[in-house]
């Protein structure tokens, strides 16, 4: 079941800078994150576009492992009352917890949930169903760790992960 979550972020200052950065990111992203561009270049572009992500106040980051799959935990102040198993976007070929750190930290802070950003195996090095298997193993590990299904939320940047 998919349940879209929508919110309107507050409008921060510096509208010109924000518009300039957004336009440059869209131009680079749309121009280079496409099938004609080799996957290693797409990965490098995504890493470079997200390298300057600032740490979110009120959220602690820990590197870990879940069911043998590397992951990054974003833990809100006061701990989480549930867990969000987050599958980053990138068509199962690009992306990582590091490239989606701003999103996962914001989710942890805004929801109060501990976010587990899974660093699942990427294609083409690990073809289907590797990423799906990693996500399923991580979900099962959360259940085995004592989380009830009602306290586990699955989320993703893009529809291919949900």
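The values are calculated or read from the model by the stated rules, or taken from the named source; none is laboratory data. Remember, predicted model here, so these are calculated numbers, not experimental data. Cβ sites come from the backbone with ideal geometry, for glycine too, and all protein chains shown count toward neighbours.
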Residues located in the stretch 139-158, provided they are closer than 25 Å to residue 56 by Cα and part of a helix (DSSP H, G or I): 142, 151
Boolean, residue 53 is modelled with pLDDT under 80, under 14 Å from the mean Cα position of the chain (by Cα) and in a loop (DSSP other than H, G, I, E, B): yes
Unique residue being touching a residue at least 40 places away in the same chain (Cβ under 8 Å) and more than 16 Å from residue 97 (Cβ to Cβ) when the list is 124, 129: 124
Pairs, first within 14 Å of residue 91 (Cα to Cα) in the stretch 16-39, second at pLDDT below 75 and part of a loop (DSSP other than H, G, I, E, B), C-beta under 8 Å, six or more apart: 33/94; 39/93; 39/94
Filtered residues of the stretch 26-50 (kept if assigned to a loop (DSSP other than H, G, I, E, B) and either under 30 Å from residue 110 (Cβ atoms) or modelled with pLDDT under 70 (or both)): 33, 34
Which numbered condition residue 161 misses (of (1) out of contact with any helix residue (DSSP H, G or I) (no Cβ under 8 Å at 6 or more places or on another chain); (2) at pLDDT below 95): (1)
